[in-house]
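Chemist: Quick one: the structure is below, questions incoming.
A short reminder: the numbers here are calculations on the coordinates, not readings from a lab. These numbers were taken from a predicted model, which means no experiment stands behind them. Here the Cβ positions follow ideal geometry from the backbone for every residue, glycine too, while neighbour counts run over all protein chains shown.
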Amino acid sequence: MMQLCDQFKRVSAEESAAQQDRVAGHLAGFVQCVSAVQSGVPFEAACAGFVTWTGVTHCYLLDQDAVQISGNLTPPSGASKKDARFLPLADVAGARWFRRHYFRRAIADPGKVHMSRPYLSLTGTGMCVTLAIGVRTGGGALQVLRCDLDCE
């Protein structure tokens, strides 16, 4: 039994390290978006270039109550990856994301990028990871900037 536990621990650590490696390049781009938003650049303009990076599926902004206050910024190529069964979920402006652990962590520990474990996207067809960070913007309001990355 101890060997099985040791093997699980080793495999989990390897998977976590591999996930960190896959996200490392995107993390720098995400942080640039965050810096731009904090310096007063509108969210859409701040993330316009980043959302075109390979692997970025969408970015959006939440208020401190977990209400989505922007539309989804998606790459132009993202339209072809949409599954028609999920189109009713595509319009998520006004959605509440409080149940998501990455939102709660971003609000509880602002200024730090939080990354989810891989999960099946609600609006796409595959597995993704979410990057989220709580930031103070213009009027001092705490908001959460979010980005989903394809992890397949």
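Chemist: Please compute the modelled spin-label separation between Val67 and His101, points set 7 Å along Cα→Cβ, answer in nm with one decimal.
Modeler: Result for the modelled spin labels: 2.8 nm.
Chemist: Where does the charge balance sit around Ala106 when Lys and Arg score +1, Asp and Glu -1, over other residues with C-beta under 11 Å from its C-beta?
Modeler: +4
Chemist: Which FRET efficiency value, to the nearest 0.05, do you get for Ala24 and Leu120 by plugging their Cβ-Cβ distance into 1/(1 + (r/R0)^6) with R0 = 35 Å?
Modeler: 0.95
Chemist: Something else now. Can you tell me which of 55-65, 3-13, 100-110 comes out highest on packing, and rank the rest after it, using the mean Cβ neighbours within 10 Å?
Modeler: Averaged packing, sorted descending, gives the order 55-65, 100-110, 3-13.
Chemist: Something else about it: Between Ala108 and Ser35, with labels modelled 7 Å along Cα→Cβ, what's the label distance in nm to one decimal, could you check?
Modeler: 2.9 nm
Chemist: Relative to the Cα centre, what is the charge dipole magnitude of the range 1-69, using +1 at the beta carbon of each Lys and Arg, -1 at the beta carbon of each Asp and Glu, and rounding to the nearest 20 debye? Don't skip to the answer; put the middle values down first.
Modeler: Details: 3 positive and 7 negative charges, 36 e Å.
It comes to approximately 180 debye.
Chemist: Mind checking the full-extension length gain between Thr137 and Trp53? Use 0.36 nm per residue of separation minus the Cα-Cα distance, one decimal, nm.
Modeler: 27.8 nm
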